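The values are calculated or read from the model by the stated rules, or taken from the named source; none is laboratory data. Everything numeric here is computed off the predicted structure, so don't read it as measured data. In this analysis, Cβ positions are derived from the backbone assuming ideal geometry, glycine residues included, and neighbour counts consider all displayed protein chains.
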Amino acid sequence: MKPRSQRASFVALTGLLLASTTSAQSAGNNMAAFDGRTGLLNSCVALFAGAPRERAVLESNYDVTLQLLNDQLQFGLTAATVRPSTDTRHCSGHFEGDTYLDKIEVRQVDTQTDGRYFLQMQALPGEPMRLQLNSALLTREIPAERFASAALYSRFFNGDALLVAKNGHIVFEDYVAPFASGDPHLLASGTKSFSAALFALGVRDGIWTLDEPVHQTITEWQGDAGREAITIRHLLNLSSGLKDSDLYNVLRVPQLDIYDLAVNHSTQVFPAGSHVIYGSVNFYVLSALFERKTGKDPAQYLYDNVLRTLGMPEQHHNLWIRDIKGKPQLAGGAYLDARSWLNYGLMIADGGYWKGRQLLDPATLALITEIDNPAYQGYGVSWWRNNAMNGSYQAGVDSVPPDARPSGERILPNQGGDLYFAGGLGRQRLYIVPSENLVIVRFGMTLTDAFSDEELLRRVQEALK
């Protein structure tokens with residue numbers, strides 16, 4: 001457990017029941033005190049701010065009693081009457097500031113199951129302590145060799161990294177030398193997924209609304225009936241009808257004025273809302289719009305409000321590709337290490353919630369998967385999604401990358417309709433599968449269409465069975 005603040009005077013947590021379907025054996029009450037320095041006591045490890053990240057292990061099914069008093073954590077273990085349900089209670093006392101109880105690790109041993117499980121426990125700052133112990137969210141530790149097939153598949157196609165998180169916990173990591181865990185990797189068009197966060201932050205701060213006409217701020221468009229019909233919604237779901245300027249070249253961004261090219265030199269080839277055109281122009285217009293409204297750099301705003309909190313190192317943020325005027329390439333210029341991008345996916349999957357803090361509004365983030373996009377149902381708010389197409393895709397008219405075109409009614413016909421993902425050149429991938437509590441990051445330098453998203457996902461899902 002890892003409280004982030006030591007200003008709290010007292011927190012008592014009692015009566016929290018670990019759910020299970022088996023019966024617990026009798027055990028006495030065994031209290032152990034931890035001060036964050038002595039390390040391992042009675043097979044449990046207490047974590048404090050600044051202490052090494054370790055895990056507390058319980059050797060059966062127990063009621064858990066936690067108490068923080070004078071910077072000491074008391075951990076009480078009592079045999080529980082096991083119930084096959086979730087026991088959630090509000091307890092007296094509260095933490096102050098930015099507080100988060102990390103995770104405990106539970107070892108459950110009985111006649112039906114023998115394995116290690118991870119269980120996340122969280123605290124909301126400034127509110128009564130709320131902990132939820134849910135047997136459905138217990139994540140069994142999976143031997144790394146179970147993921148060998150998925151890792152080999154990714155490596156075969158010049159993969160650099162593969163990370164798998166189940167129920168909010170990393171269950172597998174693979175890095176291909178010389179790429180290492182802390183190294184930044186170009187996300188390419190995976191960067192576009194950050195526009196969902198930028199939009200949500202803007203809604204939170206009263207900067208804009210979904211159906212706000214863009215020409216109200218991008219005044220160069222006033223008097224052009226086609227462009228006056230474009231709203232922020234159309235920018236975010238690629239249905240503005242805008243096509244990148246012929247002068248735009250993604251490899252020459254540092255020598256270009258990308259905002260000027262997007263605003264003044266792009267062409268509108270379809271009426272807003274009628275067809276999808278995949279390209280960079282929508283995201284550069286969105287960036288210019290944000291900057292004109294706020295006077296702030298959108299990439300810095302993202303970092304200060306979200307990405308820093310998720311663990312993105314500042315030196316990685318400083319690698320973000322910028323144009324000749326210093327404007328961030330919001331369509332494809334971010335560099336990030338694998339764990340930070342995974343954290344972004346976990347936060348998005350959890351409705352904007354991260355370690356005791358609501359970073360983004362869940363209703364706004366829900367637009368990623370729920371927004372109606374008649375131009376192309378396979379794209380939401382800056383994320384690809386596996387929605388049924390319902391006849392929205394028109395081959396030869398809609399402009400969609402080959403790996404995002406539907407096969408039948410879905411982009412990935414053998415995956416569920418709730419899956420959504422961010423993708424970039426080289427097969428950078430951030431997959432989210434809500435029905436399986438699954439988030440996956442894949443980095444690579446894959447330049448062949450032989451790579452299959454479905455095959456990689458199938459191999460990961462087989463490992464989790």
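Just a few scattered comments:
- Taking the criterion of being surrounded by fewer than 21 Cβ atoms within 10 Å (Cβ to Cβ) and of a type in the set (Gly, Ala, Ser), the residues of the range 246-278 that qualify are 273, 274.
- Any hit, the range 393-413, residues being in contact with a Pro (Cβ under 8 Å, 6 or more places away or on another chain), among the small types (Gly, Ala, Ser) and surrounded by 14 or more Cβ atoms within 10 Å (Cβ to Cβ): no
- The range 437-457, residues that are crowded, with 17+ Cβ neighbours inside 10 Å and either under 21 Å from the mean Cα position of the chain (by Cα) or assigned to a strand (DSSP E or B) (or both): 437, 438, 439, 440, 441, 442, 443, 444, 446, 453, 456, 457
- Condition check for residue 417: in the same structural domain as residue 181 (by TED's automatic domain parsing), surrounded by 19 or more Cβ atoms within 10 Å (Cβ to Cβ) and either at pLDDT 95 or above or among the acidic types (Asp, Glu) (or both): no
- Hits in the range 202-227 (condition: in a loop (DSSP other than H, G, I, E, B) and not charged (D, E, K, R)): 206, 207, 208, 209, 210, 217, 218, 222, 223
- Qualifying residue in the range 211-223 (condition: surrounded by fewer than 19 Cβ atoms within 10 Å (Cβ to Cβ) and of a type in the set (A, V, I, L, M, F, W, C)): no
- The criterion of at least 3 residues that are among the aliphatic types (A, V, I, L, M) and in contact with a strand residue (DSSP E or B) (Cβ under 8 Å, 6 or more places away or on another chain) is met by the following helices (runs of 4 or more DSSP H) wholly inside the range 269-356: 338-349.
- Hey, residue 464 touching a residue at least 24 places away in the same chain (Cβ under 8 Å), surrounded by 21 or more Cβ atoms within 10 Å (Cβ to Cβ) and in contact with a helix residue (DSSP H, G or I) (Cβ under 9 Å, 6 or more places away or on another chain) or not: no
- Taking first residues from the range 199-219 that are closer than 25 Å to residue 304 by Cα and outside the structural domain of residue 360 (by TED's automatic domain parsing) and partners that are in a helix (DSSP H, G or I) and not polar (S, T, N, Q), no Cβ contact under 7 Å between residues at least 6 apart in sequence or on separate chains turns up.
- Residue ID - farthest from residue 263 (Cα to Cα), chosen from residues in the range 336-380 that are surrounded by fewer than 19 Cβ atoms within 10 Å (Cβ to Cβ) and in contact with a helix residue (DSSP H, G or I) (Cβ under 6 Å, 6 or more places away or on another chain): 351
- Top-ranked residue in the range 352-374 [being of a type in the set (Gly, Ala, Ser) and under 15 Å from residue 198 (Cα atoms); ranked as nearest to the chain's Cα centre (by Cα)]: 352
- Screening 186, 152 for residues that are crowded, with 19+ Cβ neighbours inside 10 Å and modelled with pLDDT of 95 or more leaves exactly one candidate, 186.
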